[in-house]
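See structure below.
The values are calculated or read from the model by the stated rules, or taken from the named source; none is laboratory data. Since the model is a prediction, treat every value here as computed from it, not as a measurement. Cβ sites come from the backbone with ideal geometry, for glycine too, and all protein chains shown count toward neighbours.
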Amino acid sequence: MTTTMKLFAGALLASAFAMPAHAQVKEVQMLHWWTSGGEAAALNVLKADLAKQGFGWKDVPVAGGGGSAAMTALKAMVAAGNHPTSSQMLGYTVLDYAAAGKMGDLTATAKAEGWDEAVPKALQKFSVHNGKWVAAPVNVHSVNWLWISKSVMDKIGGTEPKTFDDLIALLDKAKAAGVTPLAQGGQPWQEATMFDSVVLSTGGTDFYKKAFLDLDEASLKSATMKKAFDNLAKLRSYTDANYAGRDWNLATAMVIKGDALVQVMGDWAKGEFVAAKKTPGTDFLCFRFPGTQGTVAYNSDMFGMFKVPADRQEAQVALAKATLSKSFQSAFNVVKGSVPARTDVPDTDFDACGKKGIADLKDANAKGTLVGSIAQGYGQPPAIAAAYTDVVTKFFHGQIATSDAAVTELVKAINAAK
Ligand code: GAL
């Protein structure tokens, strides 16, 4: 589906989805964009958990990775007074709905379940509004990863790239061997997600913080930012000819099948490898994007909890409790590719990439190198994040011709969105 079709489908869905007066009170209505194989498998873990407790599930899926179509559909539903029990949301979107008075209050559940102590403070900044819990964090994803085909790596005799130049040399080897070097999904959110890693790698963590979290204008238009755009252009030259418009999970499939060497993507990509019964070390390799080792650019899927009538609160509380239970946090995240949203979940059941993800998060949190992904809703509010995405994608697709022009446009677009 094209983006326009998705938006159209989302709007249709929003108008069609009406909560009937006789709606089952023991039912959870969930809006989400988890429609790929790995994502759907992860969501099934939650459906099964709630079914065991006697709660029904009304699925409201809106396809489109990164969730922009889903958020358009949600906006229409909320405007029509027709919101679901809960919706998947990212960071600043939760705070926007909370500030608009749309969210419920889960504080009593949070206290009883010990969320204040168990959930990392970085996530609480987005799930707690004016002292009230308004969302249940499901996971922690991070974007600065490489997902590599082991068979292609063996074929070209490659090793882990430690620097950006190493990565370019590795991509060259794949090209020389006749394999598509970079499996790219050419949609705006995917290009922006990749650029988060490129900026971190080019400028370092402090530069990323200054530019994207503080919106320091000197950093946004600096020579370092220009270099980051140059590096993005270098990566673009390693895609295949058909990358434009490709869904992220189809790009992952190219790596899974050995048709491409590497995908730069958040660790939801691992969910696709898991769904295809692939094992890290044997079938695929996960490395941090070169030059970002020690830093974690995160996002967290949250289940935003809307205000619901009294008779529907039992189902909402059950959903919230299930989401943050330790057993669910392990079972779900093992399948999803993410890591737990609690600090007290053992890594026993996770594969090597999951164990690394958990250790990296702990480490980055302690060192102050845990940074919100701007592409994924954790760096800036939606309007600014959209301005960022727009400039990156225009550059990637050649509508902004040079890195010089890109930094000028970046500053302009961000200032206009403020
Ligand atoms: C992200 C989300 C992930 C994954 C991805 C692709 O925004 O946090 O859970 O679903 O989109 O759809």
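Any residue that is touching a residue at least 60 places away in the same chain (Cβ under 8 Å), over 17 Å from GLN263 (Cα atoms) and basic (Lys, Arg) - is there at least one of those in region 197-211?
Yes, the conditions are met somewhere in region 197-211.
Counting only residues that are more than 16 Å from the ligand (Cβ to nearest atom) and outside the structural domain of GLY81 (by TED's automatic domain parsing), give me the strands (runs of 3 or more DSSP E) lying completely in region 277-361 with at least 2 of them. Outline the logic, then answer.
Details: elements: 284-288, 296-299, 301-305.
Answer list for region 277-361: 284-288.
Is it the case that some residue within region 223-242 is surrounded by fewer than 22 Cβ atoms within 10 Å (Cβ to Cβ), in the same structural domain as THR279 (by TED's automatic domain parsing), under 23 Å from GLY337 (Cβ atoms) and within 16 Å of the ligand (Cβ to nearest atom)?
Checking region 223-242: not a single residue is surrounded by fewer than 22 Cβ atoms within 10 Å (Cβ to Cβ), in the same structural domain as THR279 (by TED's automatic domain parsing), under 23 Å from GLY337 (Cβ atoms) and within 16 Å of the ligand (Cβ to nearest atom).
Kindly indicate the residue of region 306-354 that is hydroxyl-bearing (Ser, Thr, Tyr) and more than 30 Å from MET77 (Cβ to Cβ) and also surrounded by the fewest Cβ atoms within 10 Å (Cβ to Cβ) among those meeting that condition. It would help to see each step written out before you state the result.
Of all residues in region 306-354, those hydroxyl-bearing (Ser, Thr, Tyr) come to 323, 325, 327, 330, 338, 343, 348.
Narrowing the set further to residues that are more than 30 Å from MET77 (Cβ to Cβ) leaves 327, 330, 343, 348.
Numbers: SER327: 11, SER330: 20, THR343: 14, THR348: 8.
This residue is THR348.
Would you be able to tell me the number of residues in region 47-61 that are touching a residue at least 12 places away in the same chain (Cβ under 8 Å) and over 13 Å from GLN29 (Cα atoms)?
3
Quick check on my filter: what residues within region 374-407 are assigned to a loop (DSSP other than H, G, I, E, B) and either away from the ligand (no atom under 14 Å from the Cβ) or assigned by TED's automatic domain parsing to the domain that holds ALA70 (or both)? Steps first, please.
Here is the first cut: in region 374-407, the residues assigned to a loop (DSSP other than H, G, I, E, B) are 374-381, 397-402.
GLN380, PRO381, HIS397, GLY398, GLN399, ILE400, ALA401, THR402, listed by residue number.
Please state which of the following conditions ALA383 fails to meet, knowing it meets all the rest: (1) aliphatic (A, V, I, L, M); (2) over 20 Å from GLY91 (Cβ atoms); (3) surrounded by fewer than 19 Cβ atoms within 10 Å (Cβ to Cβ).
It fails just one condition, (2).
Find the residue count for region 47-95, including only residues that are within 17 Å of ALA136 (Cβ to Cβ), touching a Lys or Arg at 6+ places or on another chain (Cβ under 9 Å) and either in a helix (DSSP H, G or I) or within 16 Å of the ligand (Cβ to nearest atom) (or both).
Within region 47-95, residues that are within 17 Å of ALA136 (Cβ to Cβ), touching a Lys or Arg at 6+ places or on another chain (Cβ under 9 Å) and either in a helix (DSSP H, G or I) or within 16 Å of the ligand (Cβ to nearest atom) (or both) number 2.
For region 248-275, enumerate the residues that are within 16 Å of the ligand (Cβ to nearest atom), over 15 Å from GLN184 (Cβ atoms) and part of a loop (DSSP other than H, G, I, E, B).
If the condition is that a residue be within 16 Å of the ligand (Cβ to nearest atom), over 15 Å from GLN184 (Cβ atoms) and part of a loop (DSSP other than H, G, I, E, B), then ASP267, TRP268 are the ones that fit.
Report, by residue number, each residue of region 210-225 that is in a loop (DSSP other than H, G, I, E, B), farther than 16 Å from TYR378 by Cβ and among the acidic types (Asp, Glu). Working first, answer last.
The initial filter retains those residues of region 210-225 that are in a loop (DSSP other than H, G, I, E, B), namely 214-216, 221-222.
Among the residues that remain, those that are also farther than 16 Å from TYR378 by Cβ are: 216, 221-222.
Passing the criteria: only ASP216.
Out of curiosity, is ALA364 away from the ligand (no atom under 16 Å from the Cβ), small (Gly, Ala, Ser) and not in a loop (DSSP other than H, G, I, E, B)? Walk me through how you get there before you give the answer.
Numbers: away from the ligand (no atom under 16 Å from the Cβ): yes; small (Gly, Ala, Ser): yes; not in a loop (DSSP other than H, G, I, E, B): yes.
For ALA364, the condition - away from the ligand (no atom under 16 Å from the Cβ), small (Gly, Ala, Ser) and not in a loop (DSSP other than H, G, I, E, B) - is met.
Every residue in region 26-46 that is surrounded by fewer than 20 Cβ atoms within 10 Å (Cβ to Cβ) and away from the ligand (no atom under 14 Å from the Cβ), please.
In the first step, residues of region 26-46 are kept if they are surrounded by fewer than 20 Cβ atoms within 10 Å (Cβ to Cβ); the result is 26-27, 35, 37, 40-41, 44-45.
Selection gives LYS26, GLU27, ASN44.
Can you tell me how many residues in region 355-373 are more than 22 Å from SER127 (Cβ to Cβ) and crowded, with 17+ Cβ neighbours inside 10 Å? Let's see the steps before the verdict.
Initial filter on region 355-373 (more than 22 Å from SER127 (Cβ to Cβ)): 355-356, 359, 363, 367.
Filter again for crowded, with 17+ Cβ neighbours inside 10 Å, leaving 356.
Counting residues in region 355-373 that are more than 22 Å from SER127 (Cβ to Cβ) and crowded, with 17+ Cβ neighbours inside 10 Å gives 1.
Let me confirm something: among VAL138, VAL199, VAL143, VAL152, which residue is crowded, with 20+ Cβ neighbours inside 10 Å, within 30 Å of ALA310 (Cα to Cα) and modelled with pLDDT of 95 or more?
Values: VAL199 fails: within 30 Å of ALA310 (Cα to Cα); VAL143 fails: within 30 Å of ALA310 (Cα to Cα); VAL152 fails: within 30 Å of ALA310 (Cα to Cα).
Criteria check complete, one pass: VAL138.
Restricted to region 155-196, and to residues that are within 23 Å of the chain's Cα centre (by Cα), hydrophobic (A, V, I, L, M, F, W, C) and surrounded by fewer than 24 Cβ atoms within 10 Å (Cβ to Cβ), which residue is nearest to GLN293 (Cα to Cα)?
PHE164
Can you list the strands (runs of 3 or more DSSP E) lying wholly within region 106-186 that have 2 or more residues being under 30 Å from ILE256 (Cβ atoms) and away from the ligand (no atom under 16 Å from the Cβ)? Talk me through it step by step, then tell me what you get.
Values: elements: 135-137, 145-149, 180-182.
Of the strands (runs of 3 or more DSSP E) lying wholly inside region 106-186, those with at least 2 residues that are under 30 Å from ILE256 (Cβ atoms) and away from the ligand (no atom under 16 Å from the Cβ) span 145-149, 180-182.
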